[in-house]
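These notes concern the structure reproduced below.
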Amino acid sequence: MRIDWDLIDTVLLDMDGTLLDRHFDDHFWLEHVPMRYAEKNGMAKAKARDMLLQLFRSQENTLNWTDLDYWSQRLGLDIPVLKEEVDHLIAVHPFVTEFLLFLRRHGKQIHLVTNAHGKTLDLKLRRTRIGSYFDGIVSAHDLGLPKEDPAFWGKLQRQFPFEPARTMLGEDSETNLATAQLFGIGYLIHVGRFSSQAPRAQSERFSTITYFSELLPRDGGMSVEI
């Protein structure tokens, strides 16, 4: 893909796995929550993990998937408090800050667009301090639809105006990139290194980057090939 930054006005960026290392989320839901659930219910961690994985998957592609209040009630655990127990694992991916600074220097509108619950957003923005780089921050919970739903993008456009053809979306989810493509968003970037603890994934449908440094022009111009 050839990216001419003069043709892009708006940049939409996912949070978990895209800007932030998804190792925190994977560790939290696959290790920490099963451990605390097992302790609370007097069962083996492995058994708790298997049971919870099935439960989590039953809510995939819905708002419940990221709703901390839903999981607190469903599991009988204080999920926001448990997140703070391992919040030292929250980290920004390499070159994210440099990319955000580049966008701001060149006058792009930058919006954080995430499925994350508001309580998760508060914790991660407090920990990473990246919130000041954005012109707007939108949680799917505010719009009542997850990004996996094609209708999400129209509701987002009513939240703030943007021209799809002159908009870039950075995402680690191919499903979300696909729904954005249906809406006509012109520049779709798949972030393959979603976790520092996982190998780089390669999309067969969308241009894949490892780090956002790959989108920064190196010759002083405003174009880049990826």
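Some notes on this structure:
- Check on Arg200, assigned by TED's automatic domain parsing to the domain that holds His106, exposed (fewer than 15 other Cβ atoms within 10 Å of the Cβ) and either in contact with a Ser or Thr (Cβ under 7 Å, 6 or more places away or on another chain) or closer than 25 Å to Phe24 by Cβ (or both): yes
- Looking only at region 39-61, and only at residues there that are among the polar types (S, T, N, Q) and modelled with pLDDT of 95 or more, the one that is nearest to Val113 (Cα to Cα): Gln59
- Any hit, region 213-226, residues being under 17 Å from the mean Cα position of the chain (by Cα) and either crowded, with 18+ Cβ neighbours inside 10 Å or among the β-branched types (Val, Ile, Thr) (or both): no
- Residue in region 140-152 that is of a type outside the set (Lys, Arg) and under 15 Å from Leu19 (Cα atoms) present: no
- Test: residue in region 98-116 that is at pLDDT 95 or above, assigned to a helix (DSSP H, G or I), among the charged types (D, E, K, R) and under 23 Å from Phe28 (Cα atoms): no
- Residues in region 134-164 that are part of a helix (DSSP H, G or I) and surrounded by 18 or more Cβ atoms within 10 Å (Cβ to Cβ): Ala140, His141, Leu143, Phe152, Trp153, Leu156.
- Residue count, region 56-97 (criterion: within 22 Å of Thr175 (Cα to Cα), charged (D, E, K, R) and not in a helix (DSSP H, G or I)): 2
The values are calculated or read from the model by the stated rules, or taken from the named source; none is laboratory data. None of these values were measured; they are calculated from a predicted model. In this analysis, Cβ positions are derived from the backbone assuming ideal geometry, glycine residues included, and neighbour counts consider all displayed protein chains.
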